[in-house]
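Asks: Please find one structure pasted underneath; my questions will follow.
The values are calculated or read from the model by the stated rules, or taken from the named source; none is laboratory data. In this text the structure is predicted, and so the values were computed from the model without any measurement. In this analysis, Cβ positions are derived from the backbone assuming ideal geometry, glycine residues included, and neighbour counts consider all displayed protein chains.
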Amino acid sequence: MFAFTVARRYLFSNPSQTALLIVGVALGVTAFVFITALIQGLAIRLTDDVTANSAHVSLEPVTRVARVLPSPDADVESVAIVSTFQRRQIRAWASTVELLRSQPSVAAISPQISGSAFLVKGEAVAPVAVTAIDPSGLDAISSISTEIISGDASLGADGILIGVRLAETLGLSAGQPVLFRTDRGVDRLLIVRGIFQTGLQSLDERVAYLSLQTARPLFLLPEGVTNIELKLTDPARARDFAAFLAEATGLRATSWQEKNASLEGALTAQAQTGTLIQIFSLISVLIGIASALSLSANRRRGEIGIMRAFGVSRRFIAGVFVLQGLLIGLVGAGIGCLSGFALCSWLATLIQPDGSMVLPIAPNEGGYIAVFVLTTLGAVLASVIPARSAARLDPLEAIQQ
Amino acid sequence: MSAVLEARGIAMTFRNGDELTNVLKGVDLALEPGELVALLGASGSGKSTLLSIVGLLLRPTAGTIAIAGERVEGLSEVERASFRNQRLGFIFQFHHLLPDFTATENVAFPAAAPAGGITAPMRRRARDLLARVGLSDRMDFPATRLSGGQKQRVAIARALMNKPELVLADEPTGSLDRVAAEQVLDLMREVNREDKATFLICTHDEHVAARCTRRVTLKDGLIDTEVV
């Protein structure tokens, strides 16, 4: 293709200018890759932090709302009485668990009894959020057994696991008894089997783990569970999966995104900010290409005029400039992607004294294909303006100048 | 034998705002095959405009043109470009060679661009033409390393690349020194004589006109005198 040969010659005729142009494109692409990898890395870290010790989807009984009853004899409507004697519970939890086990996207299932209670030690009283689970699924949602710093994770018939901050508040250590008092007024003496330290204040200060067997008489729930917590293979799909489960089970299914709406909002805002920066870096790259090619077209008016005079088509002239844009875009985007990946990979190796990354960057999430395609297409589009102006040049006017 | 060029009643009016300028007022001009014609006239007499019209770079306000028997005024822009490429040759005062190409590539360019590349026969013809204009030792030189006279000789070879029926030259020696100008004139006469190529040379230089076989002088937009 002769237009390609001409385009290549034009680019090589001024190597320093072409190199500068390609470096400019590569820098813009590197900035794009860095911003994308940083924002993705930040989102991954925040999502991991939030979902590491909590469920991706929670299933609970639907909230019962009192119905309005029409009254045929009176103008006044009355409200149905809803029994508060019956606890909100999932009675058919075993069949729900069976259904969940058949779903390949479910990584872990934890049927639970959740409730409120107090721990009493002498004069000291502390409120606790109780999570009663099957002892074999202790680590299904939060990794507790690996965080035990005193005692062990064995939940026997009368055992309880508490967090380190709660243990400090009550002056408890592993092996000591503690009085457990539920919000139903049931008391029982339990033994602190283990003390855990997750680093999350909400867990270490407020949460206590019991076995389901222990919790049933304490919370007056001989059969059911109050909630079923799930971990998914892909936390990002939690919202869709929750909608599916709500439909399939009739239970209220809540995704971690719904529980952390403010976090999702922050992530969206962060992604939008990143998109703006990406757009501006691409626009600056494209303006650079368009202006450089416009200057080139202007500098070569005489040559273009003579080509047009001896009958070279407008399409050929336009093709020469579009191909220049394509070549600059391809090479600049390629170099930019490589340098962006190298920069992000290096930044990912920088570790703080506590072992965490200096920048929460994800080198593999740099949006390489997107930026390569966008830059190359953009470079072609940016070259259309100078290409059209070159192709429309009046040969007579160009030659006479 | 039919005329290479037959222009009848060529008129050209330029509009500048409300002002109309009649540059050509009905010019009749015919060129026979193998002629070397000088188109003379003072500045503003319309000779460059007439050359541009005959070269299909400008559309006349009125008149008809036939080149090698083919009427050209009804051709579209694309057809005119193709016609220029295949049937006409151009030599301008400023050569406008492509600086990033060698002498051979510059000469082959008019044939290579529509064909999509320089083929071996094209390269052979380009080198033959360069040898013809006395540049055998400069064939692979970049255009930027040639002197002014050498560049104009490359431009002449380029004009002849597609074997045009009519070569149009606009002040071809205007930017050259006396020696280089003589060489270029000798070359055009030689090509005219040996190849029977028809030349229409626009010039204001009497010395150039004296080397041509016919002189046509324009005055006030009309042909004033013709001297054979």
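Asks: Would you point out which residue out of A:Leu323, A:Leu327 is away from chain B (no Cβ under 14 Å) and out of contact with any strand residue (DSSP E or B) (no Cβ under 6 Å at 6 or more places or on another chain)?
Replies: From the options A:Leu323, A:Leu327, the qualifying one is A:Leu327.
Asks: Here is a further query. Given the criteria among the aromatic types (Phe, Trp, Tyr), within 14 Å of another protein chain (Cβ to nearest Cβ), within 29 Å of A:Asp394 (Cα to Cα) and in contact (Cβ under 8 Å) with a residue 24 or more places away in the chain, does A:Phe310 qualify? Spell out how you get there, then give the answer.
Replies: On the way: among the aromatic types (Phe, Trp, Tyr): yes; within 14 Å of another protein chain (Cβ to nearest Cβ): yes; within 29 Å of A:Asp394 (Cα to Cα): yes; in contact (Cβ under 8 Å) with a residue 24 or more places away in the chain: no.
No.
Asks: Where residues in the stretch A:9-18 are of a type outside the set (Gly, Ala, Ser) and more than 9 Å from chain B (Cβ to nearest Cβ), which of them is surrounded by the fewest Cβ atoms within 10 Å (Cβ to Cβ)? Working first, answer last.
Replies: Within the stretch A:9-18, the subset of a type outside the set (Gly, Ala, Ser) is A:9-12, A:14-15, A:17-18.
Filter once more, so that each one left must be more than 9 Å from chain B (Cβ to nearest Cβ): A:11, A:14-15, A:17-18.
Working: A:Leu11: 21, A:Asn14: 15, A:Pro15: 9, A:Gln17: 13, A:Thr18: 19.
Of everything passing the filter in the stretch A:9-18, A:Pro15 is surrounded by the fewest Cβ atoms within 10 Å (Cβ to Cβ).
Asks: Next question, about the same structure. Within the stretch A:131-146, track down each residue that is more than 22 Å from A:Ala94 (Cα to Cα) and either at pLDDT below 85 or outside the structural domain of A:Leu218 (by TED's automatic domain parsing) (or both).
Replies: A:Ser143 - this is the single residue of the stretch A:131-146 that is more than 22 Å from A:Ala94 (Cα to Cα) and either at pLDDT below 85 or outside the structural domain of A:Leu218 (by TED's automatic domain parsing) (or both).
Asks: Ok, one more. Has the stretch B:92-115 got at least one residue that is out of contact with any helix residue (DSSP H, G or I) (no Cβ under 8 Å at 6 or more places or on another chain) and either surrounded by fewer than 22 Cβ atoms within 10 Å (Cβ to Cβ) or more than 29 Å from A:Glu397 (Cβ to Cβ) (or both)? Show your work before the answer.
Replies: In the first step, residues of the stretch B:92-115 are kept if they are out of contact with any helix residue (DSSP H, G or I) (no Cβ under 8 Å at 6 or more places or on another chain); the result is B:93.
Then keep just the ones that are either surrounded by fewer than 22 Cβ atoms within 10 Å (Cβ to Cβ) or more than 29 Å from A:Glu397 (Cβ to Cβ) (or both); that gives B:93.
Within the stretch B:92-115 (the criterion being out of contact with any helix residue (DSSP H, G or I) (no Cβ under 8 Å at 6 or more places or on another chain) and either surrounded by fewer than 22 Cβ atoms within 10 Å (Cβ to Cβ) or more than 29 Å from A:Glu397 (Cβ to Cβ) (or both)), the answer is yes, since at least one residue qualifies.
Asks: Among B:Val227, B:Val191, B:Val184, B:Val179, which is at pLDDT below 85 and farther than 20 Å from B:Leu36 by Cα?
Replies: B:Val179
Asks: Being in contact with a strand residue (DSSP E or B) (Cβ under 8 Å, 6 or more places away or on another chain), closer than 20 Å to B:Leu88 by Cα and surrounded by fewer than 19 Cβ atoms within 10 Å (Cβ to Cβ), is that true of even one residue in the stretch B:133-142?
Replies: Taking every residue of the stretch B:133-142 in turn, none turns out to be in contact with a strand residue (DSSP E or B) (Cβ under 8 Å, 6 or more places away or on another chain), closer than 20 Å to B:Leu88 by Cα and surrounded by fewer than 19 Cβ atoms within 10 Å (Cβ to Cβ).
Asks: Being of a type in the set (A, V, I, L, M, F, W, C), surrounded by fewer than 17 Cβ atoms within 10 Å (Cβ to Cβ) and under 19 Å from B:Ser48 (Cβ atoms) is the filter here, so list the residues in the stretch B:209-223 that pass it.
Replies: B:Leu222, the sole residue that qualifies.
Asks: Would you check if there is a residue in the stretch A:39-60 being away from chain B (no Cβ under 14 Å) and under 30 Å from A:Arg301 (Cβ atoms)?
Replies: So far as the stretch A:39-60 goes, no, none of its residues is away from chain B (no Cβ under 14 Å) and under 30 Å from A:Arg301 (Cβ atoms).
Okay, residues lined up against (1) among the charged types (D, E, K, R); (2) in contact with a Leu (Cβ under 6 Å, 6 or more places away or on another chain); (3) at negative phi:
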position	(1), (2), (3)
B:Pro110	no, no, yes
B:Ile118	no, no, yes
B:Asp195	yes, no, yes
B:Leu200	no, yes, yes
B:Ala210	no, no, yes
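Asks: Here's something else I'd like to know. Just wondering, is there one or more residues in the stretch B:192-208 that are free of Cβ contacts under 8 Å to residues at least 60 places away in the same chain, within 25 Å of B:Ala108 (Cα to Cα) and either touching a His at 6+ places or on another chain (Cβ under 7 Å) or buried (at least 20 other Cβ atoms within 10 Å of the Cβ) (or both)?
Replies: no
Asks: Looking for something in contact with a Pro (Cβ under 7 Å, 6 or more places away or on another chain) and not polar (S, T, N, Q) - is there at least one such residue anywhere in the stretch A:222-241?
Replies: Filtering the stretch A:222-241 for residues in contact with a Pro (Cβ under 7 Å, 6 or more places away or on another chain) gives A:225, A:228.
From what's left, not polar (S, T, N, Q): A:225, A:228.
Within the stretch A:222-241 (the criterion being in contact with a Pro (Cβ under 7 Å, 6 or more places away or on another chain) and not polar (S, T, N, Q)), the answer is yes, since at least one residue qualifies.
Asks: For the stretch A:149-227, which fully contained helices (runs of 4 or more DSSP H) count at least 3 residues that are modelled with pLDDT of 90 or more and of a type in the set (A, V, I, L, M)? Before the answer, list the steps.
Replies: Values: elements: A:164-170, A:201-206, A:212-218.
Output list reads A:164-170, A:212-218.
For (1) facing chain B (nearest Cβ under 10 Å); (2) on the phi < 0 side of the Ramachandran plot; (3) surrounded by 18 or more Cβ atoms within 10 Å (Cβ to Cβ); (4) part of a loop (DSSP other than H, G, I, E, B), each residue gets a yes or a no:
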site	(1), (2), (3), (4)
A:Ser262	no, yes, no, no
A:Thr275	no, yes, no, no
A:Val285	no, yes, yes, no
A:Leu293	no, yes, yes, no
A:Ser296	no, yes, yes, no
A:Ile317	yes, yes, yes, no
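Asks: Give the stretch B:53-71 a look and list any residue that's within 13 Å of chain A (Cβ to nearest Cβ) and without any contact (Cβ under 8 Å) to a residue 24 or more places away in the chain, or say none.
Replies: Within the stretch B:53-71, just B:Arg59 meets the criteria.
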